[in-house]
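The numbers here are math on the coordinates, done by the rules we state, and not lab data. Everything quoted here is computed from the prediction, not taken from an experiment. With ideal geometry, Cβ positions are generated from the backbone for all residues, glycine too; neighbour counts draw on all protein chains shown.
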Amino acid sequence: MQNHFTGKQALEPGRAVVPQARVVSAWLTNLHFRWSETIQGARTRRFAKDETLFLEGNSADHVYVILEGRIRLTTYAFDGRERHLMIVGPNGLVGDCGLLSTRNYVVSAVAAADACVCPVPAAAMLAALRGTPQLLNQHQELSSMRFQIMLQHLALQGANSARRRVCHHLLGLMNSYGAPHDDGTVISIAFTQQEMGNICGLSRVSVSNIFTRLEREKVIARAGRLIVIRDAPQLVTQSRT
């Protein structure tokens, strides 16, 4: 949904106009991108869950095309605390954020689940992006999605409650991966409470307690390993209060 602003709104003193942007998911998986031109003949590598692909500040020698599994991107605050930014799945890239500006990785990447990736030399990836408009367009779209996620992390900082953060990310998952269900809208990708806790800066137990309360209030329900949003308007309300 686009937001339109009139000159009167922009100039009216003492009033801030805040657009209500569509919430996006911090899980970037089941992506439609194709990177076959960049990985032809390249070897694949497998990483076990919690194994590190690269660390923030290391020399950015390779970009990784994700074939299977999920990779978690993290960074560190000035106080040393690890901050979980997003989870990238098949057909996504990690290690590319500094291609045009720095020769070092700007985040760390850790396998959120067992994963198979294809390392592509950074110089080769950069040459492919420059020489193939379709690849460049894909990369720009992926970069835009990640930028939206970072803006949402920024908006959630400060006084936002644990419940609000969880509801916000459930809403993003529903918007990105929702499908019709007899009880409402099912989030069609599975995710763990630990993943939700990492993204929200909470423990797995805290996420479990919030899910339990949301179930009791009939906002969500469980369908095996999937979550069903039963009351989307209430979820929207709780993501903003």
Nonlocal amide H pairs with G92, under 5 Å, H built at 1.01 Å: I66
Loop-located chymotrypsin sites (Phe, Trp or Tyr not before Pro) in the range 68-109 whose Cβ has at most 16 other Cβ within 10 Å (DSSP): F78
Cubic angstrom per residue, convex hull over Cα atoms of the chain: 168 Å³
Karplus-derived HN-Hα couplings along the range 174-186 (A = 6.51, B = -1.76, C = 1.60, θ = phi - 60°), whole Hz, x at Gly and Pro: 5, 5, 8, 10, x, 9, x, 8, 4, 9, x, 10, 8
For the range 207-221, 3J(HN,Hα) per residue [Karplus equation, 6.51 cos²θ - 1.76 cosθ + 1.60, θ = phi - 60°, Hz, x = Gly/Pro]: 5, 4, 5, 5, 4, 4, 5, 5, 5, 4, 7, 6, 7, 10, 8
Karplus-derived HN-Hα couplings along the range 83-99 (A = 6.51, B = -1.76, C = 1.60, θ = phi - 60°), whole Hz, x at Gly and Pro: 10, 8, 9, 6, 10, 10, x, x, 6, x, 10, 9, x, 9, 4, x, 4
Two-site label geometry, E68 and K218: point separation in nm, points 7 Å out along Cα→Cβ: 4.3 nm
Compactness of the range 162-240 as Cα Rg over 2.2 N^0.38 Å, two decimals: 0.96
A190-R103 pseudo-label distance in nm [points 7 Å out on the Cα-to-Cβ vector]: 4.4 nm
Cα principal axis extents for the range 15-132, largest first, Å: 57, 33, 28
Whole-number percent relative contact order across the chain, with pairs defined as alpha carbons under 8 Å at least 6 apart: 20 percent
Amide proton proximity set for H62, modelled H, under 5 Å, gap of 5+: A122
Distance in nm between pseudo-label sites at L55 and S143 (7 Å out along the Cβ direction from Cα): 2.8 nm
Added length on full extension, which subtracts the Cα-Cα distance from 0.36 nm per residue, D114 to A127: 1.7 nm
Calculated [θ] (222 nm, deg cm²/dmol) that DSSP helices of n ≥ 4 give over the chain, each run adding -39,500 (n - 2.57): -11000 deg cm²/dmol
V186 long-range amide H proximity, modeled H, under 5 Å: A179, H181, I229
Pairwise centroid distance, computed over Cα atoms, of the range 160-224 with the range 60-89, Å: 21 Å
Contour excess over end-to-end distance, with Cα ends at Q40 and V205 and 0.36 nm allotted per residue: 55.1 nm
